[in-house]
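Please read the structure below before turning to the comments.
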Amino acid sequence: MRAEDFGGTSPDSREIHTTRPLGGTMGTALALGTSAERCETLIDALLNNMDQGEGWTWSDSDGRWWLPGRHATRFCFSHDDNYGVCLVDSVVVENVEDHGRAIGLLNQLNAHGAGWFWWLDSDSDRIVASMRYLVLPEAWWWSLFLVELVPLYVTSIDSMGPIVSASCGGTLAVSAHPERGERLSPDGWIIGCRLGSREPTASLGFPILPHELAQLGTALAILCSDPQPPRESPKIESFEPLAIVVHDDDENPTVVLRQVWHPEIGWGAQIATVPGIFAPDSDDLGPLFGLAASLNEHLAKRGDLPGVVAGCWIVTERLGLVHHAYIPGIEVEKAVGEAGETVGNMLALMAQPNERIHDAQELRVVGSRNGFNVHPVPSREDLESLSSLWIDIGPDPVNMSYLADHESDEIDPEEALWMAPKHVPVCSFGIFNPSGPTVSSLEIGYASDEDDNLVMSLYFVLRHPFGPTIEHLGDAGSEGHMAELIVTSMSQVDDGVLGSGPEWMNVFQERYREAVIRGLRLWASAPDLPNREWAEEGALLLRCAMNPWGRMESNEARSEPPPESANDPVGYWIDVLTDWIVIFGEQLYIRSAWEGAIAFLADPEHPGTAQEATNFFLDRIDQRLAASFPTDGGD
């Protein structure tokens, strides 16, 4: 069920519609009459789902509590007549001695946050991890993200608590249930999160249709326009399939909304505010760290409407002070699916450009008054560094997992590989198989050896609804050696990564494109590979690019390839594999096959159940496609 809501209203009273879901935990809570009822119902449902009757929740005068591992997490809310804010807090470290060390370390942790943030309570010498989310029908996606991201949040604090405590000279704040005492083994949610990100969206990203991009641009222009006095819409740039930059009144790039890669979670959405505030002395970032820490403490303690939701302030060397939020791709995919025909509006409202620009303008005034350097971001290259925060923000390559259990002596070797950070996605590829679609990727992780030399590790990650696997393919000390390792891994017929052959190939890193293409060509030309009609296979892929299900029905009737493909059938096949429309179709439809396969395995005696699961996603796709590619009704 769905209802039309207004996610926001522009200054000239034009309304920006979003489609709010009415079913499920979130939909039921948001349908209630008062903000207090909505918050209370959402928290109750969330905790019932998290604890699942295991008895590790309780209530007291401070709120509702859940003990999933070492640290108790409190859930409460603040509200007025119009909106509510869900407040989630976990005290992780007490008696912090070295505040300077703590602030620097929390900056790195906050760069890795995925809907939560860490802050130092300067009054009590405690380190706290928190989430702040709106509970508001008009901004329903934030409640969706809250419900979905709590497991990752509690996994992060359970994993990093001992390391943060030891680094800052503090005491680990181990909690106890009032009746059951300490929890000696972590909750199943934490164990599950430590198995790694196995959803297809982690490798593929989430597709945005042309109509949705256009709607996004229009909504951003409305949100940022100011009719008093009349002026033109703000400058809005689009430089990737989803990479939007909104400029402020002075045409400074201020708000960024983009798809970005997270080393532990994969593709997701990044929302950033870049106010252009830098340290007084470029060789001393200490004052800027202090400013970010104060802003995060203020965000955590104010208890009312968050200035910017789901993120926090961090310090980067190239961009200075940045408000950064990352939402995992699977959660954005769910929100996009719920939004239906209003995807562009939902994304624009999620970016909150008007509020972010206003906050940035205020911060520039305060920063200038307090001696900080204030100037616009100088170049696109500097702005692009937002995509490598996880590499650039620390003093050394960030090679430690923020979700793994660093205390355990019995980590499963494969689990350790899933948890190893992968800083660079090379490519994604796979097959659209209704019985079990496969989404694979080559991913590179950075680390340092004992002599502080950079070591790049290549991983083959196979995401599958029933049998996900991961393999460490080898190490390289330079990009040249890494390129050769990619070629070798892809070109092998029996022990390589391509299996029976991919149906798409999305290359993310231009510096490795030549290696990927060479590996594909060597594999397809191998003498011990069974004879294949590469041109015909390519023609079928291209003909059914925006309908992979149609390809399943057309396999026996091969498509006629273009005449020019006869000169280089393998080259033609590779060109089709890497064509954006082929990649886009796989992104768009893979979820329908994925969920259908899961439903069939769960109930093989009733295949209609699997078909219903598939049709649910196909109907959503049809709705989105109809808006982007309308017909005149004559077909």
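The values are calculated or read from the model by the stated rules, or taken from the named source; none is laboratory data. For clarity, every value in this text was computed on a predicted model and none was experimentally measured. Positions of Cβ are backbone-derived with ideal geometry, glycine not excepted, and every protein chain shown enters the neighbour counts. The area values use the complete protein model at the heavy-atom level, side chains included, leaving out ligands, DNA and RNA. Shrake-Rupley method; radii C 1.70, N 1.55, O 1.52, S 1.80 Å.
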Item to check | Residue count for the stretch 194-221, restricted to those that are in a loop (DSSP other than H, G, I, E, B), of a type in the set (D, E, K, R) and open to solvent by less than 50 Å² (accessible area, probe 1.4 Å) | outcome: 1
Item to check | Among (1) assigned to a helix (DSSP H, G or I); (2) at pLDDT 95 or above, the one test that I191 misses | outcome: (2)
Checklist entry - Can you name the number of the only condition in (1) under 21 Å from T316 (Cβ atoms); (2) touching a Gly at 6+ places or on another chain (Cβ under 9 Å); (3) at pLDDT 85 or above; (4) of a type in the set (A, V, I, L, M, F, W, C) that V377 fails? => result (3)
Checklist entry - Being farther than 29 Å from E612 by Cα and either acidic (D, E) or in contact with a helix residue (DSSP H, G or I) (Cβ under 7 Å, 6 or more places away or on another chain) (or both), is that true of even one residue in the stretch 428-436? => result no
Checklist entry - Can D451 be described as at pLDDT 95 or above and more than 23 Å from the chain's Cα centre (by Cα)? => result no
Item to check | Answer from D283, D249 - the residue that is within 26 Å of G104 (Cα to Cα), more than 14 Å from the chain's Cα centre (by Cα) and of a type outside the set (K, R) | outcome: D283
Checklist entry - Failed condition for P234, given (1) at pLDDT below 90; (2) touching a Cys at 6+ places or on another chain (Cβ under 6 Å); (3) open to solvent by 20 Å² or more (accessible area, probe 1.4 Å), with all others met? => result (3)
Next on the checklist: I'd like to verify a number: residues in the stretch 447-468 that are out of contact with any Lys or Arg (no Cβ under 9 Å at 6 or more places or on another chain) and closer than 19 Å to P434 by Cα, how many?
Outcome noted: 3
Item to check | Residues being touching a strand residue (DSSP E or B) at 6+ places or on another chain (Cβ under 9 Å) and among the polar types (S, T, N, Q) - total across the stretch 142-166 | outcome: 3
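Matching residues to (1) buried (at least 18 other Cβ atoms within 10 Å of the Cβ); (2) within 30 Å of Q587 (Cβ to Cβ); (3) without any contact (Cβ under 8 Å) to a residue 60 or more places away in the chain; (4) out of contact with any helix residue (DSSP H, G or I) (no Cβ under 9 Å at 6 or more places or on another chain):
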| site | (1), (2), (3), (4) |
| --- | --- |
| N296 | yes, no, no, no |
| V315 | yes, no, no, no |
| V343 | yes, yes, no, no |
| L347 | yes, yes, no, no |
| R356 | yes, yes, no, yes |
| E381 | no, yes, yes, yes |
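Among the residues of the stretch 563-587, write down those that are free of Cβ contacts under 8 Å to residues at least 12 places away in the same chain and closer than 17 Å to M546 by Cα.
Just the residues of the stretch 563-587 that are free of Cβ contacts under 8 Å to residues at least 12 places away in the same chain, to begin with: 563-564, 567-568, 580.
Hit for the stretch 563-587 is W580, nothing else.
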Checklist entry - Can we say Y446 is outside any strand (DSSP E or B) and of a type in the set (S, T, Y)? => result no
Checklist entry - Quick one: which of D409, D405, D392 is modelled with pLDDT of 85 or more, closer than 24 Å to S159 by Cα and open to solvent by 20 Å² or more (accessible area, probe 1.4 Å)? => result D405
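Would you confirm, using the coordinates I've provided, whether A269 is in contact with a strand residue (DSSP E or B) (Cβ under 9 Å, 6 or more places away or on another chain), assigned to a strand (DSSP E or B), within 29 Å of E586 (Cα to Cα) and modelled with pLDDT of 90 or more? Talk me through it step by step, then tell me what you get.
Values: in contact with a strand residue (DSSP E or B) (Cβ under 9 Å, 6 or more places away or on another chain): yes; assigned to a strand (DSSP E or B): yes; within 29 Å of E586 (Cα to Cα): yes; modelled with pLDDT of 90 or more: yes.
For A269, the condition - in contact with a strand residue (DSSP E or B) (Cβ under 9 Å, 6 or more places away or on another chain), assigned to a strand (DSSP E or B), within 29 Å of E586 (Cα to Cα) and modelled with pLDDT of 90 or more - is met.
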Checklist entry - Looking at the stretch 556-576, which of its residues are modelled with pLDDT under 85 and open to solvent by 40 Å² or more (accessible area, probe 1.4 Å)? => result E556, A557, R558, E560, P563, E564, A566
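Suppose the filter is surrounded by 17 or more Cβ atoms within 10 Å (Cβ to Cβ) and touching a strand residue (DSSP E or B) at 6+ places or on another chain (Cβ under 9 Å); does A139 pass it? Give the derivation first.
Details: surrounded by 17 or more Cβ atoms within 10 Å (Cβ to Cβ): yes; touching a strand residue (DSSP E or B) at 6+ places or on another chain (Cβ under 9 Å): yes.
The answer is yes for A139.
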Checklist outcome for this item: Result of the Cβ filter at 7 Å on the stretch 106-123, keeping first residues that are at pLDDT 90 or above and partners that are surrounded by fewer than 24 Cβ atoms within 10 Å (Cβ to Cβ) and of a type in the set (D, E), at least 6 apart or interchain, is W119/E297; L120/E297; D121/E297; S122/E297
Item to check | Which numbered condition E553 misses (of (1) more than 30 Å from L625 (Cβ to Cβ); (2) among the acidic types (D, E); (3) open to solvent by 80 Å² or more (accessible area, probe 1.4 Å)) | outcome: (1)
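State yes or no: is P604 farther than 18 Å from L209 by Cβ and either at pLDDT 95 or above or open to solvent by less than 60 Å² (accessible area, probe 1.4 Å) (or both)? Show your work before the answer.
On the way: farther than 18 Å from L209 by Cβ: yes; either at pLDDT 95 or above or open to solvent by less than 60 Å² (accessible area, probe 1.4 Å) (or both): no.
No, not satisfied.
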